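Reviewing the structure listed below.
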Amino acid sequence: MSIRNDTVARQVTPAYDVARIRHDFPALHQEIHGKPLVYLDNGASAQKPRAVIDAISEFYAHDYANVHRAVHTLGERATQTYEAAREKARHFINARSPEEIIFVRGTTEAINLVAQSYGRNTLRAGDEVILTQMEHHSNIVPWQLLREQTGIVLRVVPIDDSGELILDELEKLFNRRTRLLTLTHLSNALGTINPVHRIIEMAHARNVLVLLDAAQAVPHLSVDMQALDCDFYAFSGHKLYGPSGIGVLYGKKDLLAAMPPYQGGGEMIRYVTFEKTEYADLPCKFEAGTPNIAGAVGLGAAIDYVSGIGLAAIAAHEQDLLAYATDRAAEVAGMRIVGTAREKASILSFELAGIHPHDIGTILDSEGIAIRAGHHCAMPVMRRFGVPATARASFGMYNTRDEIDALIAALHRAREVIR
Ligand code: C6P
């Protein structure tokens with residue numbers, strides 16, 4: 001075993017009591033194939049604290065009814081709880097108004113909503129949308145669909161060998177037809193945290209709107225819509241320790257107000273005749289049909305939970321884990337980290353020479369260690385780095401250095417097995 005970098009190997013004072021946090025997550029306390037579970041697939045989806053599980057179950061047990069429809073007590077209670085969750089989401093990202101918080105299924109739906117409502121009605125053939133080489137498919141395919149429908153042109157910002165956006169190239173892509181820049185705040189495949197403040201300034205200086213895909217960002221970074229000044233911000237509840245099937249599209253109020261509905265149905269209207277329909281005000285205009293009410297309640301509980309610990313403390317803990325894991329990765333022969341940006345969150349994407357990532361995933365699973373192996377729904381990133389896939393360990397607030405030790409030991413054993 002090589003000598004590890006002192007500054008990283010020295011145990012830092014934990015930012016919080018990880019053992020206490022782990023206690024809150026029932027799923028972490030189980031064995032997989034006879035080994036204690038080491039859950040390092042938080043980038044795909046995070047486990048849920050008891051507070052979230054209980055909030056959903058209590059809501060169904062006592063307060064459940066449809067929202068915004070009934071005058072009966074349960075209907076009132078459910079509506080209040082649902083709207084309270086919206087207020088929690090507003091506060092969490094410091095949006096100006098709850099009207100700017102649209103509940104959606106997740107990041108994917110949020111981006112599709114912007115493409116089909118804003119994009120389809122505002123963009124014309126020849127208008128340009130800039131995206132980046134590190135986008136998740138959820139921030140590529142909706143724009144390709146829009147390209148087929150409208151004839152827009154897509155431009156792609158390249159990334160360098162470390163996995164950072166080449167901002168000089170972005171600069172060159174802007175022209176008088178550029179209308180929108182859509183990019184990930186934090187790359188799921190590389191861990192890169194993009195310099196979004198600077199990028200938003202660059203875009204706004206040219207009257208170009210900015211959408212940020214924050215699926216990976218919100219569990220790790222504290223964000224402030226008013227300070228960031230982006231135009232749209234999309235995230236999912238399930239990576240933020242909340243339920244799946246719920247997420248948020250934040251949009252600036254004047255933009256959302258000018259956009260037509262994405263879907264038609266109940267609750268998104270004020271008045272319907274066969275001749276003409278008047279739409280409801282924000283945010284209901286974009287929430288057609290019965291929403292994921294319990295999902296919103298669970299998301300509210302997740303936001304309370306995360307806020308109770310504090311994103312600054314979570315980020316400090318995760319940065320320690322990332323530094324420790326990066327340092328220890330150097331001990332594993334043939335291990336190459338894909339994504340070495342200067343600003344990085346707790347995602348370790350890697351290759352192990354001679355072993356396919358799927359085999360790494362399977363061998364680690366047999367040791368109780370859950371990671372993701374594959375293209376991470378970011379095939380252009382894989383192509384950029386000349387790999388079919390990577391193995392990816394992604395750390396969350398409840399992971400520990402001991403778990404990283406278990407990962408490294410298992411990788412050594414994987415090398416032994418496949419020689
Ligand atoms: N990435 C991963 O393992 P949904 O599925 O809508 O909640 O999120 C989609 C999405 C969009 N953007 C980014 C940057 C993402 O990371 C994800 C989801 C998971 O990396 C599942 S593919």
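The values are calculated or read from the model by the stated rules, or taken from the named source; none is laboratory data. This structure is a prediction, so every number in the text was calculated from the model and none was measured. Quick reminder, even Gly has a Cβ in these numbers, built from the backbone with ideal geometry, and neighbours come from all protein chains shown. Note: areas computed on protein heavy atoms with side chains; ligands, DNA, RNA excluded. Shrake-Rupley method; radii C 1.70, N 1.55, O 1.52, S 1.80 Å.
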Counted residues in the stretch 232-270 being more than 16 Å from the ligand (Cβ to nearest atom) and in a loop (DSSP other than H, G, I, E, B) come to 10
Test ASN207 against the criterion of being within 16 Å of the ligand (Cβ to nearest atom) and either in contact with a Leu (Cβ under 8 Å, 6 or more places away or on another chain) or in the same structural domain as ALA125 (by TED's automatic domain parsing) (or both), and give yes or no. no
Can you name every residue in the stretch 25-40 that is open to solvent by less than 40 Å² (accessible area, probe 1.4 Å) and not in a strand (DSSP E or B)? PHE25, ALA27, LEU28, LEU37, LEU40
Every residue in the stretch 75-124 that is in contact with a Lys or Arg (Cβ under 9 Å, 6 or more places away or on another chain), more than 16 Å from the ligand (Cβ to nearest atom) and in a helix (DSSP H, G or I), please. GLY75, THR79, ARG90, PRO98, GLU99, GLU100, GLY119, THR122
So SER244 clears everything in (1) under 23 Å from MET379 (Cα atoms); (2) over 10 Å from the mean Cα position of the chain (by Cα) except one condition, right? Which one? (1)
Pairs with Cβ under 7 Å, 6+ apart, first in the stretch 135-153 and among the charged types (D, E, K, R), second loosely packed, with under 15 Cβ neighbours inside 10 Å and at pLDDT 95 or above: ARG147/LEU154
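Just name the residue that is most open to solvent (accessible area, probe 1.4 Å) out of those in the stretch 243-282 that are without any contact (Cβ under 8 Å) to a residue 24 or more places away in the chain and hydroxyl-bearing (Ser, Thr, Tyr).
Of all residues in the stretch 243-282, those without any contact (Cβ under 8 Å) to a residue 24 or more places away in the chain come to 254, 258, 268-280.
Now narrow it down to the ones that are hydroxyl-bearing (Ser, Thr, Tyr): 271, 273, 277, 279.
Working: TYR271: 133, THR273: 50, THR277: 46, TYR279: 111 Å².
Ranking the qualifying residues of the stretch 243-282, first place goes to TYR271.
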Out of the residues in the stretch 41-55 that are open to solvent by 40 Å² or more (accessible area, probe 1.4 Å) and assigned to a helix (DSSP H, G or I), state the one that is nearest to the ligand (Cβ to nearest atom). ILE53
Would you be able to say whether some residue in the stretch 152-165 is within 15 Å of the ligand (Cβ to nearest atom) and not hydrophobic (A, V, I, L, M, F, W, C)? yes
Residue within the stretch 195-217 that is of a type in the set (Lys, Arg) and open to solvent by less than 60 Å² (accessible area, probe 1.4 Å) present: no
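Can you spot a residue in the stretch 223-231 that is in contact (Cβ under 8 Å) with a residue 12 or more places away in the chain and within 16 Å of the ligand (Cβ to nearest atom)?
yes
If you check VAL67, VAL104, which single one turns out to be open to solvent by less than 40 Å² (accessible area, probe 1.4 Å) and under 27 Å from ASP224 (Cβ atoms)? Steps first, answer last, please.
Working: VAL67 fails: under 27 Å from ASP224 (Cβ atoms).
When all the criteria are applied, what remains is VAL104.
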Single condition SER222 does not satisfy, out of (1) among the small types (Gly, Ala, Ser); (2) over 22 Å from VAL381 (Cβ atoms); (3) in a strand (DSSP E or B): (3)
Mind checking which residues of the stretch 125-135 are in a loop (DSSP other than H, G, I, E, B) and either closer than 20 Å to TYR262 by Cβ or acidic (Asp, Glu) (or both)? ASP127, GLU135
